[in-house]
1. Quick check on segment 15-37. Is at least one of its residues within 16 Å of ligand 2 (Cβ to nearest atom) and either under 24 Å from Arg269 (Cβ atoms) or assigned to a loop (DSSP other than H, G, I, E, B) (or both)?
2. Filter segment 38-55 down to the residues that are buried (at least 16 other Cβ atoms within 10 Å of the Cβ) and either without any contact (Cβ under 8 Å) to a residue 40 or more places away in the chain or assigned to a helix (DSSP H, G or I) (or both) and list them by number.
3. Which strands (runs of 3 or more DSSP E) sit wholly inside segment 192-279 and have at least 2 residues that are surrounded by 17 or more Cβ atoms within 10 Å (Cβ to Cβ) and within 11 Å of ligand 1 (Cβ to nearest atom)?
4. Can you say whether Ala259 is within 15 Å of ligand 2 (Cβ to nearest atom) and of a type in the set (A, V, I, L, M), as far as the supplied structure shows?
5. If you go through segment 71-82 one residue at a time, do you hit one that is aliphatic (A, V, I, L, M) and more than 16 Å from ligand 1 (Cβ to nearest atom)?
6. May I ask you to verify whether Gly63 is open to solvent by less than 60 Å² (accessible area, probe 1.4 Å) and either aliphatic (A, V, I, L, M) or without any contact (Cβ under 8 Å) to a residue 24 or more places away in the chain (or both)?
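The values are calculated or read from the model by the stated rules, or taken from the named source; none is laboratory data. Given the structure is predicted, the values throughout are model-derived calculations rather than measurements. Cβ: placed from backbone, ideal geometry, glycine included. Neighbour counts: every protein chain shown. Heavy atoms of the whole protein, side chains included, go into the accessibility calculation; ligands, DNA and RNA do not. Shrake-Rupley method; radii C 1.70, N 1.55, O 1.52, S 1.80 Å.
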Amino acid sequence: MAITAKPLPAGFGIEIDGLDANRDLSDADRTMVLNAFHDHSVVVLRNVFMDDDSQVRFSQVFGEVEVSLGANPSSGTKFSRQSNIDIASGGLIPPDDRRMAYQKGNYLWHMDSSFKQRSSLCSILSAREVPPEGGNTEFCSTRLLYESLSDAEKSKLDTLTIEHDIRYSRGLTGFKYTEQEAKNFQTAPHKLVRTNPHNGRKSLLIGIHAWRIAGWDDEPSRQLIDSLNARAEATGIYSHKWLPGDVVIWDNQATLHRATAYDTVKYRRLMQRTTIALP
Ligand code: OGA
Ligand code: MN
């Protein structure tokens, strides 16, 4: 099958059909998908129908796959599972279950693993079961945000370091870590401005885990972070409606993403995520 590619409507992102990502990629396909990722920040692959083994193999094209931490049901493996399905029983998880409360954090704009000492290059999410309505994943571009800033703003932001902390962000949704889970986390300082090594384009590492600007007072720090998050969203949103077989790769240095609601009592949703560490 021939490979086709078309840009997505929000000024970033590209959709590719016909790439057999379940096989070892040829050198040409590997270069094509890596270039698409670096240039477009979000890559939607259609009709892949990936399983866990091929997802790990495909993820390694991008780098080293992280082991997940904390309260996700897949914690301690190479996967984070976003789902209302109880894997042991195959039935639905009730809405008041802690596992569902944890996933509410995904409704807020974020970058995966920005709260780790080593932040993430990208995530890969593959659809295993998709609801017929709802449950879109939305994206916006902090590269487009950076490129829209004035020179004065760029040089101010260039000097800043932001401390990310998932204990802060999960607290916002009312989720409480156990003491044991909380031991996995500490504050992670990262330079705000990021540069893509393949094309030199800059972006901002922000999102809900961004807790405070190193060395700043709380109030101006909160104001700046909130305003950058809002301005990123205002540059434009791509809302991905999942089809069976989809795989989406996103840049965790240059895009924010969030989950959207679906009827978790009526429909089944199972998504498997791998996350690749920044080299
Ligand atoms: C994730 C995530 C969004 C979704 O897996 O990192 O934020 O729509 N998922 O499930
Ligand atoms: Mn996420």
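1. So far as segment 15-37 goes, no, none of its residues is within 16 Å of ligand 2 (Cβ to nearest atom) and either under 24 Å from Arg269 (Cβ atoms) or assigned to a loop (DSSP other than H, G, I, E, B) (or both).
2. His38, His40, Ser54, Gln55
3. Details: elements: 193-195, 202-204, 210-213, 238-240, 247-251, 255-259, 270-277.
Result: 247-251, 255-259, 270-277.
4. Yes, satisfied.
5. Checking segment 71-82: not a single residue is aliphatic (A, V, I, L, M) and more than 16 Å from ligand 1 (Cβ to nearest atom).
6. no
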